[in-house]
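K.L.:
Can you keep this structure in mind? I'll have questions shortly.
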Amino acid sequence: MKLYEISGWLLVGIGMVHNALGVVMGWPYLVEIVQAGVWNSIQPDGELMFSRSTMLWFLLVGCFWWLLGGLMQAWLQTVPTSLPRWLGWGLMTAGLVVGILLPISGAWLFIPLGLLVVYGAPLARQDV
């Protein structure tokens, strides 16, 4: 099995690791959210709780990576052409920008994944 053919699953894996780390590192904030009753616990009384908001968006981003990875995998299994190259370029750009701003992070994983999307398609699948 070629690595390109599982590139969607690789993104799902990145999202799963991202969210697992988020739950472990953000556990105190998740506990705060539950103790506050969950409903309107991010911005109670109009005051934004940045730690809780950060936790919400951190986990939501990981979920969107699961969704995008699943979509990529569905594409690879049903569409006879390769994944759009712009997707690979976007993944690489995001990895580079976030990697520069936050060097000690998993953002660098998006660069090889993007390279895989741009250059990894077998010749038989490449767009004409």
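The values are calculated or read from the model by the stated rules, or taken from the named source; none is laboratory data. The structure presented is a predicted model; accordingly, all values stated were derived computationally and were not measured. With ideal geometry, Cβ positions are generated from the backbone for all residues, glycine too; neighbour counts draw on all protein chains shown.
K.L.:
Is it the case that residue 14 is surrounded by 18 or more Cβ atoms within 10 Å (Cβ to Cβ) and over 17 Å from residue 116 (Cβ atoms)?
P.N.:
So residue 14 does not fit the description; no.
K.L.:
Further question on the same structure: So which residues in region 30-43 are surrounded by 14 or more Cβ atoms within 10 Å (Cβ to Cβ), over 21 Å from the mean Cα position of the chain (by Cα) and of a type outside the set (Val, Ile, Thr), if there are any at all?
P.N.:
Of everything in region 30-43, those that are surrounded by 14 or more Cβ atoms within 10 Å (Cβ to Cβ), over 21 Å from the mean Cα position of the chain (by Cα) and of a type outside the set (Val, Ile, Thr) turn out to be 32, 36, 41.
K.L.:
Still on this model: Take the residues in region 44-100 that are within 27 Å of residue 32 (Cβ to Cβ) and aromatic (Phe, Trp, Tyr); name whichever of them is nearest to the chain's Cα centre (by Cα).
P.N.:
Looking at the filtered set, the residue picked out is 65.
K.L.:
Further question on the same structure: Go through (1) part of a loop (DSSP other than H, G, I, E, B); (2) of a type outside the set (A, V, I, L, M); (3) within 25 Å of residue 24 (Cβ to Cβ) for residue 63 and report which single condition fails.
P.N.:
It fails just one condition, (1).
K.L.:
Further question: Picking from 62, 106, which residue would you name as being at pLDDT 90 or above, under 17 Å from residue 12 (Cβ atoms) and buried (at least 16 other Cβ atoms within 10 Å of the Cβ)?
P.N.:
The conditions single out 62.
K.L.:
Only residues that are modelled with pLDDT under 95 and either exposed (fewer than 10 other Cβ atoms within 10 Å of the Cβ) or touching a Phe, Trp or Tyr at 6+ places or on another chain (Cβ under 7 Å) (or both): list them for region 79-103, please.
P.N.:
If the condition is that a residue be modelled with pLDDT under 95 and either exposed (fewer than 10 other Cβ atoms within 10 Å of the Cβ) or touching a Phe, Trp or Tyr at 6+ places or on another chain (Cβ under 7 Å) (or both), then 80, 83 are the ones that fit.
K.L.:
Could you go through region 108-124 and let me know if any residue there is under 21 Å from residue 4 (Cα atoms), touching a residue at least 24 places away in the same chain (Cβ under 8 Å), part of a loop (DSSP other than H, G, I, E, B) and of a type outside the set (Gly, Ala, Ser).
P.N.:
Yes: region 108-124 contains one or more residues that are under 21 Å from residue 4 (Cα atoms), touching a residue at least 24 places away in the same chain (Cβ under 8 Å), part of a loop (DSSP other than H, G, I, E, B) and of a type outside the set (Gly, Ala, Ser).
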